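To start, the structure under review is shown below, and the notes come after it.
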Amino acid sequence: MSMKISVPRVWREIKAHYLLEATVCNKCGKIHYPPRPICDNCGNRNLFRRKLSGEGEVLTYTIQYIVLEGYREYAPIVFAIVKLKEGVKILAQLTDVEPENVKIGMRVKAVLRKICEDENIGLIKYGIKFKPV
Amino acid sequence: MRPARDVGIVGWGACIPKFRIKCSEIGKTWGFPPEYHGGLIVSEKTVANIDEDTTTMGWEAAKNALVRAKINPEEVEAIYVGTESKPYAVKPSITVIAEALGITPKILGADLEFACRAASEALEASIGLISSGMIKYSLVIGSDTAQASPGDVLEFTASSGAAAFVLGPRGENTVAYFEGSYSYITDTPDFWRRQLAPYPMHGEQFTGDPAYFAHIIAAAKGLMNKLGLRPSDFDYAVFHQPNGRFPLKVSVKLGFPKEKILPGLITPMIGNTYNASALIGLCAVLEEAKPGQRILLVPFGSGAGADAYSVIVEDGIEEKVHLAPTVKELIEDKIYINYTYYAKFRGLISKFSF
Ligand SMILES: [Zn+2]
């Protein structure tokens, strides 16, 4: 057997994965993505949800050639730290760009893409990736 | 058909995948004679990336349409996608699209199927819903990753893309409105795909005259008769474009000069995007049309049916053109791939797992 996607987990993470929904601390203002229930900066438990812009730039990146089972068709996968215009840094995949053309400082925007499929009978997982503007 | 109250286009958007394969590369792979595909008048076609499908392309086109519409997405009350390449046989694509646009849960919607004209059916249904006052805004999407059997002539043209429109009551924010429409549907066995069959079959002798030409001509003539219009009353005409040749031929039969067809004839550069085919053509025309101009739009779907619409462009359209990528810009933004990558992206080859 290869990859198995957890259906409840995919469902639970829909808002974060489809809409870049983060949690924001209403005390210190820190933005958490992926969303966290407790602020890791000040310990506050009172956080509210906010959709992030999806516009940003590549701070740094790495290219993964040896991938997890079920991801061979997607390889090589470019993972980047994207700094969004809100200032928050998030880890995300880049798409629609050849690895040799990825540049630090490159402007990118969020797009909905397929993340993986559970063989050909299971769930298809969608989420936000980033592509060059 | 004429709605009780006028309905118009508030925003439009396209998604044209970045990857392209040249038809000559496909022909060479399968041993066709050079320029065998020449008569199709398609030089290259789009290929959806490995992580793109009908849902993701539909989302992207819809996002662009919402940007141009300049409305709060939560005001959208219906969402339809017309497609013949649903990622799931059972599980709607629109639920993912709507969730990812942030317009759930107070919404109406479904995936519709009628070969390449399902999205046109969504246009008609939305015009009815809006005209009756049941809803304010509807999002209509045509999106396909068209299947073609490797080595079949269909492989030269079957491509991927999406188009989306936000429709709403004719008013200050509409940039064009529907003057009327005329539908023409019969049972014609020109093209089909059975359950679990990966690729469609085409009934060769039915493809041209009894299907495409008969239905488009009947719908277009029916509309012009009903509205008392002639080809000279239209500034543009956009037909379903399974290849580059058929729309040019049908325009001659209907009496439209070439210059009214070319602005909306996109298939020669990107291939046949099925449910998005005529609709991307309409997007391209909206991006150059001037207020007051009249557009004939005739989508067609195998099986078979065609709908003819008269669309009149209104004030304010020019300001919306550059709010999102234009069809022209999307066509020019491309990366060529060879048949090996094409085969991987189309799922013709995949890693076998136990
Ligand atoms: Zn805090």
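Brief remarks follow.
- The numbered conditions (1) within 11 Å of chain A (Cβ to nearest Cβ); (2) surrounded by fewer than 18 Cβ atoms within 10 Å (Cβ to Cβ) are all true for residue B:101 except (2).
- Of note, residue B:131 does not satisfy the criterion of being on the phi < 0 side of the Ramachandran plot and either crowded, with 24+ Cβ neighbours inside 10 Å or in contact with a helix residue (DSSP H, G or I) (Cβ under 7 Å, 6 or more places away or on another chain) (or both).
- Against the criterion of being among the charged types (D, E, K, R) and within 14 Å of another protein chain (Cβ to nearest Cβ), residue A:40 does not qualify.
Per-residue answers, yes or no, for (1) open to solvent by less than 10 Å² (accessible area, probe 1.4 Å); (2) among the small types (Gly, Ala, Ser):
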site: B:252; (1), (2): no, no
site: B:262; (1), (2): no, no
site: B:277; (1), (2): yes, yes
site: B:307; (1), (2): yes, no
site: B:322; (1), (2): no, no
site: B:328; (1), (2): no, no
site: B:331; (1), (2): no, no
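- Filter pass, residue B:156 being under 30 Å from residue B:336 (Cβ atoms), modelled with pLDDT of 95 or more, away from chain A (no Cβ under 14 Å) and in contact with a strand residue (DSSP E or B) (Cβ under 9 Å, 6 or more places away or on another chain): yes
- Residues that are within 18 Å of the chain's Cα centre (by Cα) and open to solvent by 40 Å² or more (accessible area, probe 1.4 Å) within the stretch B:46-86 comprise B:63, B:86, listed in sequence order.
- Applying a threshold of 6 Å to beta carbon distances and a minimum spacing of six or more residues, or different chains, the list of pairs starting in the stretch B:75-98 at a residue that is at pLDDT 95 or above and ending at one that is small (Gly, Ala, Ser) and part of a loop (DSSP other than H, G, I, E, B) reads B:84/B:115.
- Counting the residues of the stretch A:92-129 that are farther than 17 Å from residue A:75 by Cα and away from chain B (no Cβ under 12 Å) gives 6.
- Residue under evaluation residue B:114, criteria (1) more than 14 Å from every other protein chain (Cβ to nearest Cβ); (2) open to solvent by 60 Å² or more (accessible area, probe 1.4 Å); (3) not small (Gly, Ala, Ser), criterion not met: (2)
- Filtered residue count, the stretch A:6-21, keeping only those that are more than 14 Å from chain B (Cβ to nearest Cβ) and either hydroxyl-bearing (Ser, Thr, Tyr) or under 17 Å from residue A:129 (Cβ atoms) (or both): 1
- Sole exception among (1) more than 14 Å from chain A (Cβ to nearest Cβ); (2) out of contact with any Asp or Glu (no Cβ under 8 Å at 6 or more places or on another chain); (3) open to solvent by less than 30 Å² (accessible area, probe 1.4 Å) for residue B:8, by number: (2)
The values are calculated or read from the model by the stated rules, or taken from the named source; none is laboratory data. Model, not experiment: these values are computed from the prediction. Here Cβ is always computed from backbone atoms with ideal geometry, including for glycine, and neighbour counts include all displayed protein chains. Areas reflect the complete protein model, heavy atoms only, side chains present, ligands, DNA and RNA absent. Shrake-Rupley method; radii C 1.70, N 1.55, O 1.52, S 1.80 Å.
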